[in-house]
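Report on one structure; see the data block that follows.
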Amino acid sequence: MPPTGFVGSSSTPKIDVVIDTGYPFLNLTVDGFLKIGSLKKMCKEGAYWGAVAGAYVGMEYGVERIRGTRDWKNAMIGGALTGALVSAASNNNRDKVVIDAITGGAVATAAEFINYLT
């Protein structure tokens, strides 16, 4: 078994840790895992994208119930509404809300079409 080692150095707010397992691939994997980011940032990003996904699913389902049909148009409308909602909650620029609504509708529609192809 190759020798393993642990080297650490610290400066004021940052801690740099190097782990040598003797296997370059495993070294890169462990290093990448340690450098992903802080748990706080991961939780914040996860909560944000979870809220966006929840809003989209709710919007798409609501549109499906209102229209009484299940097709790609529900994804388009749900994506547009979600894009507008997230944009409006993030900033107050009206033009940006419209652009984000169009983007949300386009991305949701493309995802729906790709889902039908597979």
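Please treat every number below as a calculation from the coordinates, not as lab data. Computed from a predicted structure; not experimentally measured. Cβ coordinates were reconstructed from backbone atoms using ideal geometry, including for glycine residues, and neighbour counts include every protein chain displayed.
In this rough spin-label picture, where each label sits 7 Å from Cα along the Cβ direction, the Ile114-Ala88 distance is 2.8 nm.
One chain, two ends: Leu28 and Arg70. Fully extended at 0.36 nm per residue, the span grows by 10.5 nm beyond their Cα-Cα distance.
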